[in-house]
Amino acid sequence: MNDSLKPGAPPNRPSLLLGGAHLAALWALAFVQPMLSLLGDNPEFFVARGNTTGQIVVYALVLTLVPPLVGLGLEALARLIGREVQWGLHLGLMTAVGACFVLQLAKDHLEWPAGVLIAFSLLAAGAGVYAYARWRFPRAFMDVLTVAPVVILLVFFVFSSTSRLILPREQPEPVAVEVKDPAPVVMVILDEFPVASLMTPDRRIDASRYPAFAELAADSTWYENATGAAAYTPLAVPALLSGREPSHEDLPIAADYPHTLFTLLGGSYQLRVMEAATRLCPEDLCPGEDDAPHGTLGELFDDLNVVSRHLLLPESLRRNLPDVANTFSDFGDTPLEDATSTGATGATGPTGATGTTPPVRTGQGAARRLGRQFALRSKADEFDRVDQFTKALKPGQERTLDLIHIEKPHYPWRHIPDGQRYTNLAGEWSGLLPNDGAWQAGKRPVDIALQRHLLEAGYTDTLLARVIDRLKRTGLWDRAMVVVTADHGGAFLPHVARRTAVPENMGEIAPVPLFIKQPGQTKARVDRHHACATDVLPTIAAGLVGAVVVAILAVAAGRALRRRTA
């Protein structure tokens with residue numbers, strides 16, 4: 001009689017491959033399913049980063065298959081030493097992965113200290129693996145779960161919201177329109193910029209703080225009461241560029257927004273587009289667009305490694321992790337070597353503490369101390385993209401659309417107006433300013449945040465100055481239609497949401513800068529009528545192609561668009 005059939009006898013050990021399938025199933029439940037479920041529900045993450053279909057597929061396959069294959073390889077090597085060694089290693093790997101699975105379940109339901117949670121998870125996983133090694137039912141249950149990796153991948157690739165970025169979709173074609181008065185179009189979209197940040201108490205542009213905006217206002221129409229269409233970039237920017245109300249059902253991609261400024265001008269204009277958080281320009285019209293600074297596969301793995309730790313670890317162990325709630329990328333961007341290479345001191349953090357001695361790279365607080373030192377004076381965030389954008393502006397342009405989305409003065413705030421960094425930490429304010437929740441701070445910290453925002457707005461003015469200077473040096477300033485606006489504002493009110501629009505903060509969230517300089521315009525105008533982000537496209541269209549096309553766009557967008565002229 002086979003020993004494995006005797007009552008109470010342990011079942012036969014699984015083969016090497018079947019044991020590898022058990023490990024892959026447990027890995028899929030512990031790591032793959034939580035991560036792909038999160039990413040499947042947030043396709044905007046990939047859109048904003050500019051990740052391709054291939055990169056998304058490769059990431060999902062590597063996450064699902066490579067770690068179990070590495071485990072299988074280690075077991076195969078251990079088997080060369082002996083079957084008992086291989087079996088012991090297999091049970092050890094199952095215990096480690098199982099403890100991670102238990103920890104994720106326990107941390108959301110048990111308010112225990114991190115050490116107790118980890119010990120409990122190891123004990124629970126050890127008990128489960130003992131049952132797996134001793135009895136048939138747990139082993140048979142793992143046999144059934146071997147399909148888990150395939151099912152999880154299938155759901156992600158075919159049924160999740162992110163599947164719209166993976167499965168082929170038809171790209172929109174440009175509209176056949178006649179441009180009656182061709183002129184270069186230059187559009188700058190800023191990010192998280194309440195218009196009040198530009199203004200003095202008497203509602204004028206603060207020329208001392210923001211000379212570039214004052215220079216722009218002197219030759220353009222300032223729509224003083226302009227408002228954005230949403231408080232979230234993947235909704236607000238499509239409204240700007242399509243002239244239609246944004247929808248949570250649509251992704252900020254060309255397939256979901258087929259009628260935009262790009263399809264309006266793409267048939268007769270050369271498009272040079274540098275989007276940041278959207279991909280609204282069809283691939284056929286923007287074949288040379290390679291402006292996604294975070295779109296490499298390596299950076300995708302780096303950032304999602306930080307996200308995975310947020311998913312796995314208990315709250316107390318997540319406090320020193322980089323913030324992942326307020327940006328789409330660079331979650332681990334803490335260039336310590338830059339901070340240590342300068343002897344400057346005196347930078348003040350949100351708590352008011354001031355560094356006075358060179359930092360030491362030891363101890364739990366080292367990263368936070370390093371973040372309070374001045375970084376090297378060098379090209380700061382967005383300088384390279386703005387330089388690339390301005391270099392493409394050349395004399396003699398006529399039928400060209402140059403558009404850039406500059407992610408400033410969006411959080412994190414870390415520059416003085418000339419572009420020098422005074423902090424290297426992206427997550428200094430983590431916990432105080434959740435992306436969708438209320439400020440978790442009183443008046444003083446929020447006032448400090450406002451001052452840092454105003455410094456970042458000064459840096460944004462410096463970037464805008466580079467664009468205006470290039471336009472004037474090339475002779476395009478007089479001939480071009482120049483549009484400068486922002487997607488949405490931001491609120492600095494204690495215990496009130498920073499980004500989510502509520503009645504208390506609507507005056508800071510909704511109003512945004514909107515300047516439109518018509519070709520040949522040389523005098524300042526202020527339009528105090530209410531204007532919305534959805535009016536920008538009709539205004540551009542009215543200036544270039546006439547009222548008939550504006551009416552066509554209105555029908556295509558499914559709503560009545562108001563024509564506004566300068």
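The values are calculated or read from the model by the stated rules, or taken from the named source; none is laboratory data. Since the structure is predicted, the reported quantities are computational estimates derived from the model, not experimental observations. Virtual Cβ from ideal backbone geometry, glycine too; neighbours counted across all protein chains shown. Note: accessible area is taken over every heavy atom of the protein model, side chains too, but ligands, DNA and RNA are not part of it. Shrake-Rupley method; radii C 1.70, N 1.55, O 1.52, S 1.80 Å.
The set of residues from segment 127-158 being touching a Ser or Thr at 6+ places or on another chain (Cβ under 9 Å), open to solvent by less than 30 Å² (accessible area, probe 1.4 Å) and of a type outside the set (A, V, I, L, M) comprises P149, F156. Got at least one residue in segment 496-507 being open to solvent by less than 10 Å² (accessible area, probe 1.4 Å), assigned to a loop (DSSP other than H, G, I, E, B) and over 17 Å from A183 (Cβ atoms)? There is at least one residue in segment 496-507 that is open to solvent by less than 10 Å² (accessible area, probe 1.4 Å), assigned to a loop (DSSP other than H, G, I, E, B) and over 17 Å from A183 (Cβ atoms). Take Y269 and decide whether it is open to solvent by less than 30 Å² (accessible area, probe 1.4 Å), modelled with pLDDT of 95 or more and among the hydroxyl-bearing types (S, T, Y). No, not satisfied. Within segment 279-288, is there a residue that is modelled with pLDDT of 75 or more, of a type in the set (D, E, K, R) and open to solvent by 60 Å² or more (accessible area, probe 1.4 Å)? Checked segment 279-288: at least one residue is modelled with pLDDT of 75 or more, of a type in the set (D, E, K, R) and open to solvent by 60 Å² or more (accessible area, probe 1.4 Å). In segment 231-256, the qualifying residues are those that are surrounded by 22 or more Cβ atoms within 10 Å (Cβ to Cβ) and among the small types (G, A, S), and the one that is nearest to P503 (Cα to Cα) is A231. Kindly indicate whether F141 is aromatic (F, W, Y) and out of contact with any helix residue (DSSP H, G or I) (no Cβ under 7 Å at 6 or more places or on another chain). For F141, the condition - aromatic (F, W, Y) and out of contact with any helix residue (DSSP H, G or I) (no Cβ under 7 Å at 6 or more places or on another chain) - is met. Checking each residue in segment 178-220 for being surrounded by 14 or more Cβ atoms within 10 Å (Cβ to Cβ), of a type in the set (G, A, S) and over 29 Å from the mean Cα position of the chain (by Cα) picks out A183, A207, A214, A217, A218, S220. A48 meets the stated requirement of being crowded, with 22+ Cβ neighbours inside 10 Å and either hydrophobic (A, V, I, L, M, F, W, C) or without any contact (Cβ under 8 Å) to a residue 60 or more places away in the chain (or both).
For segment 78-111, which positions are among the small types (G, A, S) and open to solvent by less than 30 Å² (accessible area, probe 1.4 Å)?
Residues satisfying the conditions are A78, G82, G98, A99, A106.
The set of residues in segment 156-188 being basic (K, R) and in contact with a Leu (Cβ under 9 Å, 6 or more places away or on another chain) consists of R164, K180. Of all the numbered requirements in (1) more than 18 Å from Q270 (Cα to Cα); (2) open to solvent by 20 Å² or more (accessible area, probe 1.4 Å); (3) out of contact with any Pro (no Cβ under 9 Å at 6 or more places or on another chain); (4) of a type outside the set (F, W, Y), L463 misses one, and that requirement is (2).
Within segment 7-30, residues that are at pLDDT 90 or above sit with their Cβ atoms under 7 Å from residues that are loosely packed, with under 14 Cβ neighbours inside 10 Å and aliphatic (A, V, I, L, M), at 6+ positions apart or across chains, in these pairs: L16/A76. Is there any pair linking a residue in segment 159-177 that is closer than 14 Å to P282 by Cβ and open to solvent by less than 80 Å² (accessible area, probe 1.4 Å) to one that is of a type in the set (G, A, S) and modelled with pLDDT under 85, with Cβ under 9 Å and at least six apart or on different chains, and which? Close Cβ pairs (under 9 Å, with a partner that is of a type in the set (G, A, S) and modelled with pLDDT under 85) amount to V175/A556.
Within segment 213-240, the set of residues being among the aliphatic types (A, V, I, L, M), touching a residue at least 40 places away in the same chain (Cβ under 8 Å) and within 19 Å of Q518 (Cβ to Cβ) comprises L216, A217, A218, A226, L240. Listed by position, the helices (runs of 4 or more DSSP H) inside segment 157-258 whose residues that are at pLDDT 95 or above and over 20 Å from M274 (Cα atoms) number at least 2 are 211-218.
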